[in-house]
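See below for the structure under consideration.
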Amino acid sequence: MISRREFLQASLAASALLGVQGGWSRVAAQQSLHQDDLLQFDTFGNVSLIHITDIHAQLKPVWFREASVKLGAAPVRGQPPHLVGQDFLAHYGLDATSAMAHALTHDDFVALGQAYGRMGGMDRVATVVNAIRADRPDALLLDGGDTWHGSMTALRSNGQDMVNVMNALGVDAMTSHWEFTLGADRVDEIVSDLPFAFLGQNIFDTDWNEPVYDPYRLFERGGVRVAVIGQAFPYTPIANPSWMFPGLSFGIREQRMQDMVNEVRGQGADLVVVLSHNGFDVDRQMAARVQGIDVVLTGHTHDALPEPLLVGETLLIASGSNGKFVTRLDLDVRDGRMMGFRHKLIPVFADVIEPDADMAALIDAERAPYLNELTEVVGHTDSLLYRRGNFNGTWDDLICNALMVERDAEIALSPGVRWGPSLMPGDAITREDIYSMTAMSYGQVYRREMTGAELHGALEDIAENLFHPDPYFQQGGDMVRVGGLGYRIAVDAPMGERISDMVHLASGEAVDMDRAYMVAGWASVNEGTQGPQIWDVVESYIRQQGRVSVPESTNIEVVTG
Amino acid sequence: MGYSRRHTLAMGLGGLFVTVVPIRVSADAEGLIEAFTGGAEIVEGPLDISAPEIAENGNAVPVTVTCPDAKSIRILAPANPNPEVCTVHFGPLAGRHSLTTRIRMAETMDVIALAEMADGTFVQAAANVRVTIGGCGG
Amino acid sequence: MSGFDARPRVRVPRTASVDEVVLVRTLINHPMENGHRIDTDGNTVPRHIINRFTCTFNGETVIDMEIEPSLSANPFIEFEARVPESGEFAFTWLDDDGSVYEDSASITVG
């Protein structure tokens with residue numbers, strides 16, 4: 001009697017034989033891409049899931065350079081999704097000059113970008129979704145959240161542009177994180193009109209500790225009953241300003257997840273899918289500890305993996321961010337069990353996939369009121385600008401420089417978020433580009449004194465949030481980005497002993513624990529933070545500069561082991 | 001309304017919440033445990049304590065303690081200026097002997113539960129809860 | 001009384017079967033001043049807490065709880081009670097200042 005795990009492993013092996021999942025790596029090696037090849041898929045089983053996540057309101061195609069440093073805590077280091085660059089390519093058997101190397105890794109990003117172009121665009125995503133639905137009309141489209149935030153148009157319309165686009169795309173269910181930075185009232189206003197399920201088994205009220213949103217929804221698809229359980233980002237009230245949604249409590253709530261799995265199985269669910277914004281490492285642990293989940297559609301950490309990761313008998317799917325990828329997962333569900341799968345991480349190469357005309361028109365209409373503002377050129381960049389990875393990227397350094405110059409500060413702090421597209425050398429920097437790195441409902445820039453000891457304590461605390469060996473204790477983002485400050489980080493040391501050799505770069509002197517430094521930063525989670533908006537500060541700085549060139553930072557020394 | 005140093009002394013920085021003044025040194029947790037047990041030995045037993053891994057709000061951290069055979073359960077937050085949280089005595093009409101409440105936590109610590117069992121023995125359990133400055137998540 | 005409205009609220013089921021274990025949940029508005037807070041004028045705010053909570057059913061004890069300053073403001077207390085017959089839960093919260101706040105809830109068993 002073959003076990004289910006053996007069935008699933010056989011599915012994995014079969015897809016590996018095709019090249020990386022479905023044969024596009026062979027196509028990509030020919031450096032000639034066609035829409036039909038990108039979408040090619042031999043329909044399998046009886047249920048199809050389509051997964052998109054972390055779009056961050058990017059309606060148009062973007063450059064998005066993946067991480068060069070994505071260490072993870074020691075127990076999972078060197079495993080997906082913590083492989084980058086050559087290690088990633090070797091692990092998945094990808095050619096270094098292939099389209100997927102461009103899509104999934106950072107090496108030669110600029111050169112490969114010339115060949116393969118931008119990725120994403122919700123009009124291209126619509127083409128992919130429509131093509132899958134042509135094969136499988138009842139495919140479920142599931143959105144992992146971080147959808148209504150991340151652009152000027154989303155900020156100005158309070159997320160309405162994204163709501164309209166996702167409604168037109170025909171989403172079946174979503175979960176959430178940054179959505180709540182629109183404020184709980186606005187979320188409820190949107191949800192009350194939403195034509196699909198807004199799911200979060202782990203969102204409770206802070207008074208009576210009762211569930212606030214639907215934990216799951218049941219769908220009949222392909223002759224079987226599919227349960228989709230939503231898991232919002234557990235640390236939303238810590239990572240983001242809880243005063244914007246004061247009545248809500250989140251958390252991992254692993255026991256309730258188990259209860260919900262049991263409940264939907266009790267209601268006859270043949271397939272249990274968790275639509276999650278936990279982040280990959282949290283999902284991996286949850287999948288190992290909660291029994292009875294067939295598929296976890298991961299989100300939050302922006303990882304894109306070309307094949308599923310098998311945890312016990314649970315498939316973990318990672319579909320990237322910013323509309324770069326759409327995952328198609330076909331499943332064979334029989335006798336109340338998932339017995340096999342076929343998977344493809346479809347890369348949305350914007351120059352290859354034809355935009356869907358209706359969606360393109362809708363996107364244009366959403367942008368029209370802001371188009372003059374969006375497209376205004378503020379300056380140019382001579383170097384690659386990106387934000388992605390555990391530590392400062394060049395876009396972060398540019399923002400930190402702006403903070404120090406424009407706000408007359410010695411040290412700058414910029415949040416370690418994962419969103420924000422890249423710009424290529426030679427690109428114009430438009431106002432839209434600046435907003436796509438900074439737009440949020442709490443973008444005020446503060447200016448205040450902090451002692452060296454306070455700075456050290458903050459870095460230690462954030463490092464613990466990132467490198468705690470137990471993923472359930474990891475709070476969410478990457479390291480805070482710093483300007484004017486160098487340091488050494490021993491990522492595997494215990495809390496309080498990771499950060500050393502802090503240097504005040506302007507003077508070249510060691511940071512004095514007792515001295516007060518003038519610090520400028522943005523995205524404070526404190527209510528009532530005063531100051532100009534970060535996008536205005538950055539725009540002013542780039543205008544002064546005209547052309548910017550930002551070398552890779554060498555101010556942070558990272559030590560493992 | 002707020003009391004923890006996190007709330008009253010917090011200051012913002014790049015998407016962070018930072019605390020600056022060390023809290024007052026608490027009474028010795030050992031002493032508090034002894035005050036409850038009268039120095040009796042603490043043995044293994046079916047006492048569960050559950051709390052979130054990371055506190056969303058150090059002023060109100062949900063904690064659940066459950067111990068079917070307990071006469072009473074005491075909750076301690078040893079690193080707080082006032083480490084005592086509460087002591088619950090279960091009467092004849094208590095159901096499963098369980099209590100959920102919300103507690104103050106000044107910093108990351110092990111929250112301790114002590115149960116006095118029906119047979120007069122004592123059982124202890126702890127849950128580590130991290131109180132972080134937050135921010136940056138994305 | 002100081003400037004707050006100590007409004008007790010309780011939630012219990014309206015009906016249960018004989019000897020069923022039911023969930024009892026209570027909330028009360030109270031600042032729970034722990035005696036360490038410094039006000040904006042630099043003065044220490046004196047301790048002022050709910051120091052005891054009791055729940056009885058038809059006069060028999062369900063729980064009796066001693067409360068200390070590390071319990072959060074607006075105390076939330078949730079526990080389970082066994083109900084052998086129809087009757088009434090009585091809840092009391094005892095304030096440091098001598099005030100006693102009370103609430104009740106009835107349940108039909110059968």
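Throughout, read-outs are computed from the coordinates displayed, never taken from laboratory work. Owing to the predicted nature of the structure, the values given are computational and were not obtained by experimental measurement. Note: ideal-geometry Cβ built from the backbone for every residue, glycine included; neighbour counts use all protein chains shown.
Enclosing the Cα atoms of the range A:415-512 in their convex hull gives a volume equal to 153 cubic angstrom per residue. In the range C:1-56, the alpha-carbon atoms span a convex hull of 111 Å³ per residue. Other residues whose C-beta falls under 10 angstrom from the C-beta of B:ASN128 contribute a net charge of -2, scoring Lys and Arg +1 and Asp and Glu -1. Spacing of the modelled spin labels on C:THR108 and A:ASN262, each 7 Å from Cα toward Cβ, amounts to 3.1 nm. Hydrodynamic analysis of the range A:282-351 uses the Kirkwood radius over alpha carbon pairs. Inserted into Stokes-Einstein at 20 °C and 1.002 mPa s, it gives a translational diffusion coefficient of 166 µm²/s. Using only alpha carbons, the range A:35-187 has a radius of gyration to Kirkwood radius ratio (Rg to Rh) of 0.99. In terms of its Cα atoms, the range A:332-445 spans 66, 35, 29 Å along the principal axes, sorted from long to short. For chain A, the longest principal axis of the C-alpha atoms and the axis of helix A:160-169 are separated by about 20°. For chain C, the spherically averaged projection of the C-alpha convex hull amounts to 6.8 nm². Remark: mean inter-chain Cβ contacts per residue of B:105-111 equal 1, using a 10 Å Cβ-Cβ cutoff to other protein chain atoms. Residue order for A:VAL129, A:VAL503, fewest other beta carbons within 10 angstrom first, comes to A:VAL503, A:VAL129. If you take all other residues with their beta carbon under 9 Å from the beta carbon of C:ASN29, and give Lys and Arg +1 and Asp and Glu -1, the sum is +1.
Between helix A:254-266 and chain A there is an angle of about 20 degrees, using the helix long axis and the longest principal axis of the Cα atoms.
Taking the longest Cα principal axis of chain A as reference, the axis of helix A:534-545 is set at about 60 degrees. If R0 is 60 Å, the Cβ-Cβ spacing of A:GLU497 and A:ASP364 corresponds to a FRET efficiency of close to 0.65. Annotation for A:ASN555 and C:GLU85: the two label points, set 7 Å from Cα along the Cα-Cβ direction, are 7.6 nm apart.
For the residues of B:47-60, the average number of beta carbons from a partner chain within 10 Å of their own beta carbon is 5. P(r) for the range A:4-364, from all Cα pairs and a bin width of 10 Å, is 5, 26, 36, 25, 7, 0 %, short bins first.
Both numbers refer to the Cα atoms of the range A:316-370; Rg and Dmax are 16.6, 53 Å.
Here A:ASP351 and A:GLU449 are evaluated by their C-beta separation; at R0 = 51 Å the FRET efficiency comes out at 0.55. Looking at the range A:4-364, the DSSP beta bridges with both ends there are about 60 percent antiparallel. Over every Cα atom in the range B:16-129, the radius of gyration and the widest Cα-Cα span, Dmax, amount to 14.4, 49 Å.
For the range A:176-223, the alpha carbon positions stretch 40, 23, 17 Å along the principal axes, listed from largest to smallest. Can you give the percent of C-alpha pairs in the range A:122-246 whose distance is more than 26 Å? Everything past 26 Å amounts to 24 percent. Of the beta bridges DSSP finds with both residues in the range A:376-559, what % are antiparallel, to the nearest 5? Given both bridge residues lie in the range A:376-559, the antiparallel proportion sits at roughly 70 percent.
Within the shell defined by Cβ-Cβ distances under 10 Å, the residues around A:PRO369 carry a net charge of -1, with Lys and Arg each +1 and Asp and Glu each -1.
Estimated purely from DSSP H runs of n ≥ 4, each contributing -39500 (n - 2.57), the mean residue ellipticity at 222 nm for chain A is -9000 deg cm²/dmol once divided by its residues. Residue exposure proxy: A:PHE196, A:PHE467, A:PHE180, ordered by other Cβ atoms within 10 angstrom of their Cβ from fewest to most, comes out as A:PHE196, A:PHE467, A:PHE180.
Counting every alpha-carbon pair across the protein assembly as shown, the share separated by more than 44 Å comes to 30%. Note on C:ASP96 and A:VAL110: their simple-model spin labels are 6.5 nm apart, each label 7 Å out from Cα toward Cβ. Among A:SER276, A:SER249, A:SER436, sorting on how many other beta-carbon atoms sit within 10 Å of each Cβ, with the fewest leading, yields A:SER249, A:SER436, A:SER276.
List the residues of the range A:58-77 whose backbone N lies under 17 Å from a point placed 7 Å from the Cα of A:ASP470 along the Cα-to-Cβ direction. Backbone N within reach: A:73-76. According to the calculation over all Cα-Cα pairs in the range A:82-147, the P(r) per 5 Å bin from zero is 4, 14, 18, 14, 16, 20, 12, 3 %.
Under the rule a/c < 1.5 gives rounded, and otherwise a/b versus b/c splits prolate from oblate, where does the range A:376-559 land using the Cα gyration tensor? In terms of gyration-tensor shape, prolate. Legend: calculated FRET efficiency, A:ASP512 to A:ASP335, from the Cβ-Cβ distance at R0 = 56 Å, rounded to 0.05, equals 0.25.
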